Structure formats: C-alpha cells, structure tokens
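Note sheet for the following structure.
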Amino acid sequence: MSTATSASGAATSTTPTTGGFEEPAPSALLLLGQGRDLASERGVECPGALPAPSDPDLAERARAARAALGDSAFVLGHHYQRDEVIQFADVTGDSFKLAREAAARPAAEHVVFCGVHFMAESADILTAPDQKVVLPDLAAGCSMADMAAIDQVEEAWAVLSDAGVAERTVPVTYMNSSAAIKAFTGRHGGTVCTSSNAQVALRWAFDQVGGEDGDGKVLFMPDQHLGRNTAVLQLGLRPEDCVVYDPRRPGGGLAPHELEAARMVLWRGHCSVHGRFSARNVAEVRERVPGVTVLVHPECTHEVVTAADMVGSTEYIIRALDAAAPGSSWAIGTELNLVRRLARTHPELDVHYLDSTVCFCSTMNRIDLPHLVWTLESLVQGRTVNRVVVDADDAHWARVALDQMLALPGL
Ligand code: SF4
C-alpha cells in the first residue's frame, strides 16, 4: 500500500475510503481537479488553484517554477507523456530507466514523476528516504497494474499451494505492477522484470526450480501477453505450456491438473493500449504501405507479435528508429504520444501508427500542463503535494525483488 499527501501536507491513504468526503453517485462525471471519488481514479482532487487549461501563460509559468526550483527538484518524463509535459522533463525514459535516474540524484529533494502511479512508487522505493516523489495527478494510474490486486494475488498463491505446486513456482512480476505486488514477489523469492529483460528474468526464475526442462513453474503477473510472448518466442516453450489464471473465477478458472501440467501461469491482465492492436491491423498496414517494417511492443497480443517483423520495449523501438535507413517505412505498435514524437523527430523516415483508431494511454495523459504547473508552483511555495510513499514493509520486500532484477545479467 502507498500513501499520498494532500496540498495541506497531511498524509492521506490512497486506499479507497470515503471517510470525510461525500460519496458521488456511481455515474457522477467529475471534472479533474474538482471533487473526488476515492473508490476510483475519477476526479482526484487537487486542492488549491489548479490553473485553467486555457491559460495562455501555462508554459511560461511552468518554466518559471522549474527555474526557481533549480537542483532541488528533478523532473522525470515517461516516453508516453504529452509533448506539453515532456518538454519540462530533465530526463526521459521507460519506467525502469526513470526510477534509476531518480535514485542517481540524491541531491534533489523532490522528484516530480510525469508518468503513472506504479512508476512513482518504484521511484520512492529506489530513492533516499529524505527524497519526496510527487505524482502531478494522483488519478494517473495504470489499468494493467490495477488488474492485479494484492488480495487476489495472495488468493492465487493459496490456489497454487492447494494444488501442490507453489513450492515449485517462482513469481515474476512486470515493472507495471503495484508496490504491494512487487513486495509479494520479493517475499516469495521472485524478481521484477521489464519488457527489456523479461527473457533473462524468466530463465533465472526457471533456474531456481530446476531449469526450463524440469517441472518448475513461473507465476507471471500482471501482463499475460508479455509473459506468453517471452516464454514462447524467446524461451521456446509451447503455447500449451501457458495457462491463464483469471482472478475473477474460483480457483482462477483452472483445475489442479492444469496447474500441474503448466510451466507458465499467466495472470489475466493486459495493457488497454497495446492490447487493442490486432493481426488485422498488421495485414492492413502491409497492404497500405509496401515494404513497411512492423515493429510492436511485447505487451501486444501473441497474434500481433508473431505477425510483426520486430518486437521490443519502448527503448528498443526508439533505438531501432534512430538506426533506421533514411526513406524506410515503419508501422509502430505502441502508445500514440511516442509514435507521433518519433515521426516528428525522424522526418527522414516514413513512420505510421499501426492502428489509427487506437487512442492515447488515458491515464498517462492525466498528467497535463495545469497539473504540472500546480505541482511545480506548490513546491516553489514550500508545499509538497501529491507525494507517493510506499509503506516501509512493502518497500523493503519490493526492493528485494527489484535488487534481484538488478542482479540479473545484462542490466
Ligand atoms: S500504456 Fe498500458 S501499461 Fe503503460 S501505463 Fe498505459 S495502460 Fe499501463
């Protein structure tokens, strides 16, 4: 569990509770920054003066506040952030790179994380205790991370225990998970992984239970697609070696003999952005753009990844386009902010979005210029807002799982 501080500086739990606030009707449409519904991410409150999006001085206000903060603040920007926000980032990257960059800046009292909640948690775990990690809008969550709640994961472990396979199972959790899930993984001898090192992490995990040819298993959370793509395409397991554990069904929807036969127990979670690309999108772009190279993120479905030409993390995608031959055509299957930026920074390339109807990551886009200005100006005024703090026990065990990842070869 993590906590956050409000504009007044008082620590508040981010665990859903309605104490002290009027509970809105289930269908209430809340404006961002005005009122809040603590049972969901809708309309998280930013008390104080959230600037109007129409304020023509927003960029200048952000520049002035950033300059006033100097080295006391460090601003991180994930690749999927809006242009209006990422222009103020001191460093850009994927979630893991950003957490490491934050840890490498112990002089910065405030780390402003322009990304989503699980990333801010990881930064809090990896930074010094006196550094404060701030998320400009606490409504910036991740739908994939939200698909694995800690009580569901504890229940899944009990199901594996009842089936007699837990002691032969190593949990591996994707970076895109809550601190509580990372802590669970640390407590049970597992590791965190990223989309760049999932293959190495899975090999390590299988080695802990007798190697890939034995009967050991991996419980992979929360992205079934990254788990399946890595196991089948990089480790050579068969698709039928993978089963999907559905936390909303009794026993995960799996019989004990299915758990016994499986090598990969995949959590039923996915990214709502990458999960929308289809093999049909790949076929259509090939028809539309002769000679196109299709490059997708491993959070895409197995059908999309196998239909594509190349697959890799956001950092891999950026490197691939940096190294591409001028005039070559590319169709990219990842978040739209990044693809648009790549198209703009590479005018020598013919860059297409894999599916023109897919939208941005809505939670990443919660971080906008009004929230960034509000955050930076509050810090200038001596008020730490929207601080994300992981509780000490979870932070300890999540750190164990993160350190295990850092000890994997190739990082
Ligand atoms: S792109 Fe997908 S995995 Fe990344 S923050 Fe958005 S919903 Fe989560």
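The values are calculated or read from the model by the stated rules, or taken from the named source; none is laboratory data. Keep in mind that what you see is a predicted model, and the values were worked out from it rather than measured. Here the Cβ is made from the backbone with ideal geometry for all residues, glycine too, and neighbour counts use every protein chain on show.
Annotations for the structure displayed:
- Residue within region 208-223 that is in a helix (DSSP H, G or I) and under 27 Å from SER272 (Cβ atoms) present: no
- SER27 being modelled with pLDDT of 75 or more and either out of contact with any strand residue (DSSP E or B) (no Cβ under 8 Å at 6 or more places or on another chain) or within 16 Å of the ligand (Cβ to nearest atom) (or both): no
- Taking first residues from region 149-167 that are surrounded by fewer than 18 Cβ atoms within 10 Å (Cβ to Cβ) and partners that are among the β-branched types (Val, Ile, Thr) and at pLDDT 95 or above, the Cβ contacts under 9 Å between residues at least 6 apart in sequence or on separate chains come to ALA149/ILE181; ILE150/ILE181; TRP157/THR169.
- Hits in region 47-79 (condition: assigned to a helix (DSSP H, G or I) and not small (Gly, Ala, Ser)): LEU58, GLU60, ARG61, ARG63, ARG66, LEU69, ASP71
- Taking region 154-190 as the range and being under 18 Å from ASN229 (Cβ atoms) and more than 15 Å from the ligand (Cβ to nearest atom) as the test, only VAL172 passes.
- Remark: pairs (first residue in region 125-146, within 15 Å of the ligand (Cβ to nearest atom); second residue of a type in the set (Asp, Glu) and part of a strand (DSSP E or B); Cβ separation under 9 Å; 6+ apart in sequence or on different chains) = LEU138/GLU45.
- Scan region 222-250 for residues that are surrounded by 17 or more Cβ atoms within 10 Å (Cβ to Cβ) and in contact (Cβ under 8 Å) with a residue 24 or more places away in the chain and the total you get is 17.
- Residue-level analysis places ALA128 outside the set of residues that are part of a loop (DSSP other than H, G, I, E, B) and within 25 Å of ASN337 (Cβ to Cβ).
- For ASP151, the conditions (1) away from the ligand (no atom under 16 Å from the Cβ); (2) outside any helix (DSSP H, G or I); (3) among the charged types (D, E, K, R) are fulfilled apart from (2).
- Top-ranked residue in region 266-323 [being under 22 Å from the mean Cα position of the chain (by Cα) and assigned to a strand (DSSP E or B); ranked as farthest from the ligand (Cβ to nearest atom)]: MET310
- Selected residue (criterion: modelled with the highest pLDDT) from residues of region 335-363 that are in contact with a helix residue (DSSP H, G or I) (Cβ under 6 Å, 6 or more places away or on another chain) and part of a loop (DSSP other than H, G, I, E, B): HIS346
- Checklist (1) part of a helix (DSSP H, G or I); (2) surrounded by fewer than 21 Cβ atoms within 10 Å (Cβ to Cβ) applied to PRO106, failing item: (1)
- Answer from THR334, THR345 - the residue that is under 20 Å from MET144 (Cα atoms) and outside the structural domain of SER177 (by TED's automatic domain parsing): THR334
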